[in-house]
Amino acid sequence: YAMAEYDVSEELKIIAGIRNEYTDMTLNGSKATTSGTPAEVSVSPSKVENDYNAFLPMLHFKYKLDDKTNIRAAYTRSFVRPNFGDMTPGSSTNTTTAPISLTRGNPELNPTFSNNFDLMAEHFFDNIGLISGGIFYKDIDDLVFTDVSMQNIEGSDYLVTQARNLNKASLFGFEAGINKRFDFLNGFWSGFGVEVNYTHIQSETEVPRSTGENPVLDKTSLPNQSKHLFNTILFYERNGVMLRLAGNYRGKSVETINQELGKDFYIWSAANFTIDASATVSLSKKIKAFVELNNLSNSPVKMYMGNNSKRVTSLESYGSRGQAGIRLDIF
């Protein structure tokens, strides 16, 4: 990699750079073959090689409006390698389910590349804290998704799960946040503060599907990408006492795509809101007592089929949990 910084003026700074990564992989697995009468199963080694190059330029601009306010703009190119588990040449079968489920690897998966454009502004307060906001756009190639479909293999029906690539996808959104201590209040109340951030994301990709002789393109949002993300923290810090009450909201999102049957058979994750809390009290300079509580709302994890939450495929609840103790800072 190489990087350079150039101060055009006291207000404007430019940072440019390039990074190059070459990937050479060898994947080893096993392949089962059934032949003969009566049927005999033979297992043979399977070896797949895959290599590719990633050229990744970037360009950043930072402009100072004043000592506390900056405007930033950036172009970057990034990539993500597929998970090794998704690329295995082998497969696994679960015969305890009906229909039989088959999970296949896909050694031909391509890495996901993205061209990213960002514009952001930030303002720092006199006391600790800041307010920020920005917009962003991503142009994505070879997005990896999980395809779940029914397939007839050697006369038997299987529910096949396999990672695949989509050709094109795009994502546009904006974000805003504030971290502010209430130092304008007096005494006890000056220890309170709040952190809030919200992100709105509009994403789209096209999934090719064939129905008879007529190919169809299903438009959908990106897998595992919610449209609405919201986090908020109410905190108190004063005289050795630190309290946190945090809420996290994640909107619904597509989890798995059924390329064969279409959008009515996509699996979605329902919207989820969790509440966490923590407290720390300084007993001395080196000894602190703490309490941490997670998932106080006991929010369930709900999955459903199609864009209708009534067709529930799974509903899991993990309960609330917590821990408490004494922490000693040795140094």
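Overview of results
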quantity	calculated
Criterion (outside any loop (DSSP other than H, G, I, E, B), over 29 Å from the mean Cα position of the chain (by Cα) and farther than 28 Å from M58 by Cβ) met by exactly one of F188, F184	F188
Unique residue being touching a helix residue (DSSP H, G or I) at 6+ places or on another chain (Cβ under 8 Å), open to solvent by less than 60 Å² (accessible area, probe 1.4 Å) and either of a type in the set (D, E, K, R) or within 20 Å of D24 (Cβ to Cβ) (or both) when the list is P89, P107, P111, P82	P107
Some residue of segment 260-281 being open to solvent by 40 Å² or more (accessible area, probe 1.4 Å), in contact with a strand residue (DSSP E or B) (Cβ under 9 Å, 6 or more places away or on another chain), touching a residue at least 12 places away in the same chain (Cβ under 8 Å) and of a type in the set (V, I, T)	yes
Top-ranked residue of segment 160-194 - restricted to ones that are open to solvent by 50 Å² or more (accessible area, probe 1.4 Å) and not hydrophobic (A, V, I, L, M, F, W, C), ranked as nearest to M120 (Cα to Cα)	E175
Residue match in segment 167-175 (condition: at pLDDT 90 or above, among the polar types (S, T, N, Q), assigned to a strand (DSSP E or B) and in contact with a Pro (Cβ under 9 Å, 6 or more places away or on another chain))	no
Strands (runs of 3 or more DSSP E) lying entirely in segment 277-324 (those with 2 or more residues that are β-branched (V, I, T) and under 27 Å from P223 (Cα atoms))	312-316
Matching entry among A98, A73 (being out of contact with any helix residue (DSSP H, G or I) (no Cβ under 9 Å at 6 or more places or on another chain) and either at pLDDT 90 or above or under 30 Å from F61 (Cβ atoms) (or both))	A73
Residue in segment 254-268 that is among the polar types (S, T, N, Q), at pLDDT 90 or above and either assigned to a strand (DSSP E or B) or closer than 30 Å to N186 by Cα (or both) present	no
Selection from segment 183-239 of residues that are in contact with a Leu (Cβ under 8 Å, 6 or more places away or on another chain), of a type outside the set (A, V, I, L, M, F, W, C) and modelled with pLDDT under 90	E206, P208, R209, P223
Exclusive hit being more than 27 Å from L166 (Cα to Cα) and either surrounded by 14 or more Cβ atoms within 10 Å (Cβ to Cβ) or touching a Pro at 6+ places or on another chain (Cβ under 6 Å) (or both), set A98, A73, A54	A73
Residue within segment 232-250 that is assigned to a loop (DSSP other than H, G, I, E, B) and among the hydroxyl-bearing types (S, T, Y) present	no
From the options T256, T220, residue that is under 18 Å from M303 (Cβ atoms) and in contact with a Pro (Cβ under 8 Å, 6 or more places away or on another chain)	T256
Cβ-Cβ under 8 Å pairs, at least 6 apart or on other chains, segment 309-326 side within 26 Å of E255 (Cα to Cα), far side surrounded by fewer than 11 Cβ atoms within 10 Å (Cβ to Cβ) and modelled with pLDDT of 90 or more	none
Residue within segment 250-258 that is in contact with a strand residue (DSSP E or B) (Cβ under 6 Å, 6 or more places away or on another chain), open to solvent by less than 50 Å² (accessible area, probe 1.4 Å) and either within 20 Å of R181 (Cα to Cα) or of a type in the set (D, E) (or both) present	yes
Residue check, D157 of a type in the set (D, E), open to solvent by 40 Å² or more (accessible area, probe 1.4 Å), in contact with a strand residue (DSSP E or B) (Cβ under 7 Å, 6 or more places away or on another chain) and at pLDDT below 85	yes
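Here is a yes/no grid of residues against (1) free of Cβ contacts under 8 Å to residues at least 12 places away in the same chain; (2) farther than 21 Å from N50 by Cα; (3) assigned to a loop (DSSP other than H, G, I, E, B):
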residue	(1), (2), (3)
A98	yes, yes, yes
N106	no, no, yes
N110	no, no, yes
S114	no, no, no
L119	no, yes, no
I131	no, yes, no
F136	no, yes, no
D139	no, yes, no
T146	no, no, no
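The values are calculated or read from the model by the stated rules, or taken from the named source; none is laboratory data. This is a predicted model, so every value here is computed, not measured. Here Cβ is always computed from backbone atoms with ideal geometry, including for glycine, and neighbour counts include all displayed protein chains. Surface accessibility is based on the protein's heavy atoms, side chains included, excluding ligands, DNA and RNA. Shrake-Rupley method; radii C 1.70, N 1.55, O 1.52, S 1.80 Å.
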